[in-house]
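Engineer: Take a look at this one; I'll ask things after.
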Amino acid sequence: MTSVINPPIAGAAFDAFLADTAPASRSQQMWTPSDGPMPALYISHGAPPVFDDALWIDQLFTWSQSMPKPKAILIVSAHWEEAPLSLSASAAATPLVYDFGGFAQRYYSMEYRTPDAEALAARIAAAIPASENLHRHTSRGLDHGAWVPLKVMYPYADVPVLQLSLPTHAPDRLMAIGAALKELRAEGVLVIGSGFMTHGLPFLSRENFTTNTVPTWSEDFDLWAADALARGDVGTLADFRSAAPGMPYAHPTVEHFTPLFVTLGAAENPEASVTTAITGFQFGLAKRSFSVV
């Protein structure tokens with residue numbers, strides 16, 4: 001059976017996007033101070049099957065086009081859990097991390113050659129409290145939680161990008177890190193927490209992958225999160241391990257949910273309602289993604 005997980009031609013949807021839609025990014029208005037602060041985002045980032053999913057490609061690109069093109073991007077991905085708090089390499093064309101397996105060979109040769117990000121690195125280092133003991137890597141590239149969605153949102157790699165590690169899963173500390181980054185938004189930096197609203201991969205069936213049927217645990221967790229986010233109920237969200245329906249199936253490990261707290265921490269008011277940009281499911285996993293101001 002043909003599906004997003006087994007397309008006839010790997011990346012055909014992405015190729016069509018590059019030919020037909022992506023060129024609009026070249027003329028996108030760049031951020032200026034008169035635009036006010038960039039938003040902060042939480043993205044359900046997907047994996048290489050995003051490049052075979054025309055709907056998700058359209059959703060991500062349309063979202064990016066709804067805001068000014070950022071001066072730079074700082075992204076916290078579920079796929080870099082490291083303490084102390086660490087910053088990826090800032091050199092231009094930093095190599096990618098192909099931290100996935102079992103996909104078409106094409107995805108292991110994709111590139112995303114972003115510009116030099118040393119100025120952004122220096123600015124982040126100044127914003128992060130000294131108590132965090134920020135470590136700077138000279139060779140750590142962008143993992144798929146960063147480059148897969150960004151390759152769709154900003155397909156020409158014309159925005160400097162840095163990745164910040166996920167040093168803890170404690171919501172209060174992640175909120176504090178987000179709060180330290182909030183001032184960067186007023187300078188045109190797009191702050192992103194990148195995860196997946198549900199990520200119970202061990203509990204998916206063949207049918208979930210082939211026909212995108214949605215497990216009850218995934219739907220229930222997504223609806224619970226949507227309600228709490230709409231109410232700005234950070235306390236309930238922080239208590240997700242015990243309060244959320246669908247646990248622990250929705251998140252048998254929590255790294256795909258906790259980047260959300262960096263995003264909320266970077267908001268002007270973390271208890272304000274979020275603006276949802278993407279809903280729906282892929283392989284039965286919730287793609288819910290949102291912005292805060």
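Read the figures in this text as sums done on the coordinates, not as results from a lab. Because the structure is predicted, anything quoted here is derived from the model rather than measured. Using ideal geometry, Cβ is built from the backbone for each residue, glycine included, and neighbour counts are taken over all protein chains shown.
Engineer: Once you sort the root eigenvalues of the Cα gyration tensor of the stretch 1-154 as a ≥ b ≥ c, which label holds: rounded (a/c under 1.5), prolate (a/b larger than b/c) or oblate (the other case)?
Structural biologist: oblate
Engineer: If each of residue 203 and residue 27 carries a label point 7 Å out from its Cα toward its Cβ, how far apart are those two points in nm?
Structural biologist: For the pair residue 203/residue 27, the computed spacing is 4.7 nm.
Engineer: Shape verdict for the stretch 125-183, please, from the Cα gyration tensor: rounded (a/c under 1.5), prolate (a/b greater than b/c) or oblate.
Structural biologist: In terms of gyration-tensor shape, prolate.
Engineer: Arrange the peptides 179-186, 4-11, 138-145 so that the one whose residues have, on average, the most other Cβ atoms within 10 Å appears first.
Structural biologist: Per-residue Cβ counts within 10 Å, averaged per peptide and sorted highest first, yield 138-145, 179-186, 4-11.
Engineer: Using a/c under 1.5 as the rounded threshold, could you call the stretch 100-240 rounded, prolate or oblate? The axes a ≥ b ≥ c are square roots of the C-alpha gyration tensor eigenvalues, and prolate needs a/b larger than b/c, oblate otherwise.
Structural biologist: Oblate is the answer for the stretch 100-240, as a/c is 1.5 or above yet b/c matches or exceeds a/b.
Engineer: Cα atoms only, the stretch 171-293: Rg and Dmax in Å?
Structural biologist: Here Rg and the maximum Cα pair distance are 14.5, 46 Å.
Engineer: Using a simple spin-label model with points 7 Å from Cα along the Cα→Cβ vector, what separation in nm is obtained for residue 16 and residue 211?
Structural biologist: 2.3 nm
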